[in-house]
Amino acid sequence: MIDPRLAKIKEEYVNSAAYHEAGHTVIAAAQGLWLRARGIHVDSEGSGISYYAHRMPGDLSNLAKDQDERERTILALHAGRIAQVRVFPECSDENWAADADVISELLDEMFGADLRVRSAAAETLRQQCQELVGRHWASIDSLGTELISKPWTEQPLIEINENWSHGRTRLERWMPGSEVVQILSSFGIVAELREV
């Protein structure tokens, strides 16, 4: 028999993953990053994915637009963890590790070996994201709540192949990008949607 307290904690953790993905999506859209039609997903084990435009590490170009893309991506990545902890302070760092790694790599590209400047910039961006999440909390809460209300369904093959569930489950709750855009528009956030 499963301990009811443990079952409740798992349910809260899985639900908090919806807020994690909502945080990424809202802060990305609020900064003008486009969203993908594949929307947002969470699985029955607490993993998830948000489909939006973001900068991946590896392109070492350092023009002003490159730095701007890195900063906006870092803010969107931080927003997931900040939103999740806001609704479930006890959540594990497990789902945050991949986001933290990307943030670290982007900061390395921006600041190289200057650890003092890098550390100060990292803290400034984290604080800026705290403010953004606070300012957009109503839209994050609405998106997270709506995602939690979705029924459990089998992941389609494209999501299984993406492997964001790490092979642990094929059950997901998801919301298409068109529905995400509609919810965000009710909060005055105009999001561009792309099929890619």
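Scanning segment 73-94 for residues that are of a type in the set (S, T, N, Q) and either assigned to a loop (DSSP other than H, G, I, E, B) or under 13 Å from ASN15 (Cα atoms) (or both) turns up GLN84, SER92. Of ALA64, ALA98, ALA7, ALA18, all but one fail to be at pLDDT 95 or above and of a type outside the set (D, E, K, R); the exception is ALA18.
Checking segment 49-61 against the condition returns a match, with at least one residue being in a strand (DSSP E or B), open to solvent by less than 40 Å² (accessible area, probe 1.4 Å), touching a strand residue (DSSP E or B) at 6+ places or on another chain (Cβ under 9 Å) and touching a residue at least 40 places away in the same chain (Cβ under 8 Å).
Out of all the residues in segment 109-123, is one or more of a type in the set (Val, Ile, Thr), farther than 22 Å from SER16 by Cβ and part of a helix (DSSP H, G or I)? Checking segment 109-123: at least one residue is of a type in the set (Val, Ile, Thr), farther than 22 Å from SER16 by Cβ and part of a helix (DSSP H, G or I). For TRP164, the stated conditions hold: it is out of contact with any Pro (no Cβ under 6 Å at 6 or more places or on another chain) and in a loop (DSSP other than H, G, I, E, B).
Sub-7 Å Cβ pairs linking a first residue in segment 106-132 that is in contact (Cβ under 8 Å) with a residue 40 or more places away in the chain and within 19 Å of PRO57 (Cα to Cα) to a second residue that is assigned to a helix (DSSP H, G or I) and open to solvent by 40 Å² or more (accessible area, probe 1.4 Å), at least 6 apart or interchain, are MET110/GLN67; LEU125/GLU71, ordered by first then second residue. Name every residue in segment 12-44 that is of a type in the set (A, V, I, L, M), in a strand (DSSP E or B) and open to solvent by less than 10 Å² (accessible area, probe 1.4 Å), in order of residue number. LEU35, ILE40, VAL42 - these are the residues of segment 12-44 that are of a type in the set (A, V, I, L, M), in a strand (DSSP E or B) and open to solvent by less than 10 Å² (accessible area, probe 1.4 Å). Within segment 175-193, restricting attention to residues that are assigned to a loop (DSSP other than H, G, I, E, B) and touching a His at 6+ places or on another chain (Cβ under 9 Å), the residue that is nearest to SER50 (Cα to Cα) is ILE189.
Conditions (1) surrounded by fewer than 18 Cβ atoms within 10 Å (Cβ to Cβ); (2) of a type in the set (Gly, Ala, Ser), marked per residue:
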residue: SER92; (1), (2): yes, yes
residue: VAL133; (1), (2): no, no
residue: HIS136; (1), (2): no, no
residue: LEU147; (1), (2): no, no
residue: ILE158; (1), (2): yes, no
residue: ARG173; (1), (2): no, no
residue: VAL181; (1), (2): no, no
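The values are calculated or read from the model by the stated rules, or taken from the named source; none is laboratory data. Predicted model, so just to flag it, every value in this text is computed and none were measured. When we count neighbours, we look across all protein chains shown, and the Cβ atoms used for this are built from the backbone with ideal geometry, even at glycine. Quick note on the areas: whole protein, heavy atoms, side chains included, nothing else; ligands and nucleic acids left out. Shrake-Rupley method; radii C 1.70, N 1.55, O 1.52, S 1.80 Å.
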